[in-house]
1. Test of understanding: what is the full-extension gain from residue 5 to residue 24, defined as 0.36 nm times their sequence separation minus their Cα-Cα distance?
2. Residue by residue, what Karplus-based ³J(HN,Hα) values in Hz, rounded to whole numbers, does region 38-43 have, using 6.51, -1.76 and 1.60 with θ = phi - 60° and x for Gly and Pro?
3. Kindly provide the trypsin sites (Lys or Arg not before Pro) of region 1-51 that DSSP labels as loop, not H, G, I, E or B, and whose Cβ sees at most 15 other Cβ atoms within 10 Å.
Amino acid sequence: MAGQVPAPYDAWERGLAAPEAGPLVFPTGVMGVYYAPGVFHHDVMDKELFRTLAPDADDVWLYWMHRRAGNHAEKLGSKGRVLEWPGSQARSLRASNLGDSGNDRAIAAMVAKFGFP
């Protein structure tokens with residue numbers, strides 16, 4: 001699948017209701033993500049590469065880095081409820097990465113650099 005770009009991020013299934021594992025499970029840090037020691041490709045600490053490819057898309061960066069190391073994610077537990085402080089999300093990563101297509105830009109940059117993991 002190298003060179004191909006997945007469907008737009010807005011079209012992805014979100015909030016998996018049940019446990020699931022596999023290479024297409026995409027963890028997001030809204031409610032926390034646990035990454036075990038040693039699961040990332042050594043490039044994970046390359047801040048210049050991160051700033052070039054995915055400066056506001058940490059979830060995209062971390063997904064690519066753990067997939068490049070040959071690992072996949074596992075969703076544990078059931079769907080959780082996200083609580084937000086009223087008025088705190090007027091300007092947020094979610095708004096820029098979803099509504100302004102920031103994740104799509106980062107994904108396209110990651111695919112161009114590394115291929116689809």
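What follows draws every value from the coordinates through simple rules; no lab data is involved. Here the structure is a predicted model, which is why all the values come from computation and not from measurement. Glycine gets a Cβ as well: all are built from the backbone with ideal geometry, and neighbour counts include every protein chain shown.
1. Numbers: separation 19, 0.36 × 19 = 6.84 nm, distance 1.31 nm.
Roughly 5.5 nm would be gained on extension.
2. Karplus values, whole Hz, x for Gly and Pro: x, 8, 9, 5, 4, 5.
3. In loop regions of region 1-51 (DSSP not H, G, I, E or B), the sparsely surrounded trypsin sites (Lys or Arg not before Pro) are 14.
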